[in-house]
Protein chains: 2
Amino acid sequence: MNGAESLLRTLADAGVEVCFANPGTTELKLVGALEAVPQVRAVLGLFEGVVTGAADGYARMAGKPAATLLHLGPGLGHGLPNLHNARRANSPIVNIVGDHPTHHKSYDPPLESDIDTVARSLRGPVRRPENVAGVSQDAVSTLTEALEPPGQIATLIMPADVSWSDGVAADADGGRPVVLARPMPTVKPAVIKRIAELLRGQDESALIIGGPAGRAAGLCAASRIAAATGARVFLELHSARVEHGAGLPSFPHLGFYPDQVLRQLDGVRHVIVAGAPAPMAFFAYPGKPSCLVPDDAQTHVLAEVGEDATEALAALADLVASDHEPELVKPSRPAMPAGPLTVETWPAVIGALLPENAIVVDETISSGSGLHAATAGAPRHDVLQVCGGAMGGGMPLAIGAAVAAPHRPVIALEADGCAVYTLSALWTQARERLNITNVILNNRSYAILRQDWQRLGAGASDPHTNALLDLANPDIDFVGLARAFGVPGSRASTAEELAEQFNQAIAEPGPHLIEALIPPIA
Amino acid sequence: MNGAESLLRTLADAGVEVCFANPGTTELKLVGALEAVPQVRAVLGLFEGVVTGAADGYARMAGKPAATLLHLGPGLGHGLPNLHNARRANSPIVNIVGDHPTHHKSYDPPLESDIDTVARSLRGPVRRPENVAGVSQDAVSTLTEALEPPGQIATLIMPADVSWSDGVAADADGGRPVVLARPMPTVKPAVIKRIAELLRGQDESALIIGGPAGRAAGLCAASRIAAATGARVFLELHSARVEHGAGLPSFPHLGFYPDQVLRQLDGVRHVIVAGAPAPMAFFAYPGKPSCLVPDDAQTHVLAEVGEDATEALAALADLVASDHEPELVKPSRPAMPAGPLTVETWPAVIGALLPENAIVVDETISSGSGLHAATAGAPRHDVLQVCGGAMGGGMPLAIGAAVAAPHRPVIALEADGCAVYTLSALWTQARERLNITNVILNNRSYAILRQDWQRLGAGASDPHTNALLDLANPDIDFVGLARAFGVPGSRASTAEELAEQFNQAIAEPGPHLIEALIPPIA
């Protein structure tokens, strides 16, 4: 057995089921190994940003890592922004990057570059087996490290000669390698008790919840705490996976802009974080603080990112809210709007029609501020957001989610400027016949930059006249792009059209794209 | 004047005329500065791979750097593969990356990442002005370093607070900063004399020419040397810019595969390199050498990469070939083929119809082996190749070339798998009304991987059955993609169709795309 097959067999035995791949010559033996090890499903992306974003989405929904397969330094580079997003989502990924053989690298051939350094910029471990005998152990270590709470990008660089060298007996691995996700560290009872005392006091408190605490158990515990103590509860700005909809408590996300967050936290004296970082500004603005904890408030950590915030919240609720039930949102749908689509009406259409058990991918940027409220009473669903701010995460996330949960409808809500980054995700959606409804919110501009232009006083002129912020001239035809990649497409400019097209897309198997034309901001 | 304007004014005063940009919030003051400094033309790319590839193409044709404008670490990541290609082409680029203010970075906000380390992986200098007073000098230093022979990627990281801070008087810079490209170091006469002696001997020699020596003066000197000494002359595998066509000498490129190069150099005892690395394999294969200098041959350096190889070749020719004229290719066109397009016939159509004074961008990979010969007698033109092997270089290179040379027709010849990487280049081509004819060679596969599958024995199966090497299912409609981005498109499956469509595309202003369907390799 060669090194490539040793790697794939080890990963398969340890439970890795999917490899999102864009291979090149240096990875061809790994492509051969994917044929020989059919337990690992190979999914081709035409661009490594699709590959890495899909691995992120898969990890969020499957709760375990997929492998990637990237071609040398340029493949890692193309995949880097969505690996950044995955890192910020704390998604575990076994990130496999092929490399030249060591003897070949010394000649500095055209594709040679510093893979190790770039991979280390992701702050996860980077391994490079030196020979075929070491592959299986490095694979186990990489997988183990990927699963290290809260989850990380663990990179395995496979030199081509290690892939192609024989030297491992077919039964060498003996049996299933034991790769257990280390449980998240629990929070000390004293910490929980101290925060319970704060909450019993007279001061106003806010509770910021993040990571896995955004799922039902964490939400319910937070709701009980709020009911008993009056604490304000917020979700972190962008959640890797949050459960939402009827039958669950619903909390707002922290705002994107400093002023929004300072309003949300106005009067609060204790900011308690549970699996989330302390409130901070996404971008810096002149004269605005980066830390958004009010000046006269203290920050208290109930659970660090990577600690078991859900369990800590439940224990805290038992201390302070033993008599309280969570406040659950009743099923309700927004009234179906009529007339032209706007940033107000499109979310209502989605809220009115969201199918049962959906997975909603949210890369709506400035167009999506109404989405959370509009879907609060819709059937229970998962929401995946782009956590690292790198554009183009959404449609690849949808691929990974759909591969992990093939029987659930996936709705990818995409800002136009972001969607352009990873368009070929549509091709993979078509090839794999994934049940994804892509809705492109097309306002023909980098609308958030127009907003920030005014906020920053970036220039004297009207931002609507600046060509660098404008996505018209020419207008992009997203319906044509979808069809060219094998995905049925349609265009909606009214709520009625969006509703009809959305219902049809959900009813039919396979991917669809709806281009929703919304007016540019004034 | 704020830091952003100080940067732009300094670059403008030093002769930088173009900034290829995809800005975000952290770069908005630089967008404002681009409005205030109209001497620098701002060209928007919808993806940073388009931005950086365009800067590469611009540098090759303008002979001086453009600036990029990239958004934080993810923007640099998206742009990294084409910066890798630019590095391998020795293209000078002033690579501007926006960053958070230093005080903001310490909170580790979602978009924070290690920009400096990733930029350093490009092996060029990385500067980061600490305050507004230092911006102008850092800009001059960055530009100077970019121009350091043979040219490099010099990165300037601009913290947003340095961009937005005021503090430079409007006339502070005093006058035009002096930024002179340092002349390429000349080769010592003793080196030239020693190589002249070798060439006068009985042993067979090969001369490998690269970099600027691929232009007329270098080619003519090499041809004289060949005529006088019988030396075989080859161009390096992928040239950043080579002049080609009637009235010039024509030399073959070194081959892509080790066996090809070993055949090209069979019997050679002296391999003389002039502005090119010694012959090496692009990829490693089991049992094949990486160094492709024959075992019984010696390598001799006439000019290192970055030294003045053209001048050295001219001096060498004067020593060994004072009585010899260069052998110039006479004008000639291939016969116009008829019937289905194949890897043999499509290059003949291009060779038959190539317009005067064209710039040909070649990212044809396995489909393009016949191109060089088919265009040797066509009107004199420049050929730009993708030098670093990172896919998706071609259509962005064409943008940069067209911006640098607006009155020349640009022909971008693209393999299908590569074209998908940077599709939104078409949008920039449309917006800027660039005279680019994109020809997509669509064989619906990663054909080179099918070839390498057999070469490597990557798996037991027929590579035509492996889905990871297959770009059909669904077929990609490149005509639809072009139209969706505002570029007229058409499809050709015969030589007659390609000829008609190519003539029409050249005759009409603005960009066009022709999808040329060629059969997958057997």
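Overview of values
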read-out: From B:Ala358, B:Ala348, residue being in contact with a Pro (Cβ under 9 Å, 6 or more places away or on another chain), open to solvent by 10 Å² or more (accessible area, probe 1.4 Å) and closer than 18 Å to B:Asn503 by Cα; value: B:Ala348
read-out: From the options A:Thr10, A:Thr26, residue that is β-branched (Val, Ile, Thr) and over 23 Å from A:Leu147 (Cβ atoms); value: A:Thr26
read-out: Single residue of B:Val273, B:Val261 found to be crowded, with 22+ Cβ neighbours inside 10 Å, touching a Gly at 6+ places or on another chain (Cβ under 9 Å), under 18 Å from B:Lys193 (Cα atoms) and within 14 Å of another protein chain (Cβ to nearest Cβ); value: B:Val273
read-out: Selection status of A:Ala246, modelled with pLDDT of 95 or more, assigned to a loop (DSSP other than H, G, I, E, B) and in the same structural domain as A:Leu302 (by TED's automatic domain parsing); value: yes
read-out: Residue in region A:388-396 that is part of a helix (DSSP H, G or I), under 20 Å from the mean Cα position of the chain (by Cα), closer than 22 Å to A:Phe282 by Cβ and within 11 Å of chain B (Cβ to nearest Cβ) present; value: no
read-out: Residue among B:Asp161, B:Asp138, B:Asp171 that is out of contact with any Lys or Arg (no Cβ under 9 Å at 6 or more places or on another chain), under 25 Å from A:Ala458 (Cβ atoms), among the acidic types (Asp, Glu) and at pLDDT 95 or above; value: B:Asp161
read-out: Any hit, region A:64-72, residues being open to solvent by 10 Å² or more (accessible area, probe 1.4 Å), closer than 23 Å to A:Thr117 by Cα and of a type outside the set (Phe, Trp, Tyr); value: yes
read-out: Unique residue being outside the structural domain of A:Ala55 (by TED's automatic domain parsing), in contact with a helix residue (DSSP H, G or I) (Cβ under 8 Å, 6 or more places away or on another chain) and modelled with pLDDT of 95 or more when the list is A:Ala447, A:Ala358, A:Ala430, A:Ala402; value: A:Ala402
read-out: Which listed residue is in a loop (DSSP other than H, G, I, E, B), within 14 Å of chain A (Cβ to nearest Cβ), farther than 30 Å from B:Gln202 by Cβ and not hydrophobic (A, V, I, L, M, F, W, C), from B:Pro337, B:Pro286; value: B:Pro286
read-out: All positions within region B:90-105 that are open to solvent by 10 Å² or more (accessible area, probe 1.4 Å) and within 13 Å of chain A (Cβ to nearest Cβ); value: B:Asn90, B:Thr102, B:His103, B:Lys105
read-out: Complete set of residues in region B:480-515 that are open to solvent by 20 Å² or more (accessible area, probe 1.4 Å) and small (Gly, Ala, Ser); value: B:Gly486, B:Ser490, B:Ser493, B:Ala507
read-out: Criterion (surrounded by fewer than 19 Cβ atoms within 10 Å (Cβ to Cβ) and modelled with pLDDT under 95) met by exactly one of B:Gly306, B:Gly287, B:Gly267; value: B:Gly287
read-out: Among residues of region B:398-449, those that are away from chain A (no Cβ under 14 Å) and either assigned to a helix (DSSP H, G or I) or of a type outside the set (A, V, I, L, M) (or both), counted; value: 15
read-out: Only one of A:Glu327, A:Glu311 that is surrounded by fewer than 22 Cβ atoms within 10 Å (Cβ to Cβ), in the same structural domain as A:Ala217 (by TED's automatic domain parsing) and at pLDDT 95 or above; value: A:Glu311
read-out: Region A:466-489: number of residues that are over 26 Å from the mean Cα position of the chain (by Cα), more than 9 Å from chain B (Cβ to nearest Cβ) and not aliphatic (A, V, I, L, M); value: 0
read-out: Qualifying residue in region A:451-473 (condition: touching a residue at least 24 places away in the same chain (Cβ under 8 Å) and over 28 Å from B:Pro74 (Cα atoms)); value: no
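The values are calculated or read from the model by the stated rules, or taken from the named source; none is laboratory data. Keep in mind it's a predicted model, so treat the numbers as computed, not measured. Every residue, glycine among them, receives a Cβ derived from its backbone with ideal geometry; neighbour counts consider all protein chains shown. When the accessible area is computed, the model is the full protein with side chains, heavy atoms only, and any ligands, DNA or RNA have been set aside. Shrake-Rupley method; radii C 1.70, N 1.55, O 1.52, S 1.80 Å.
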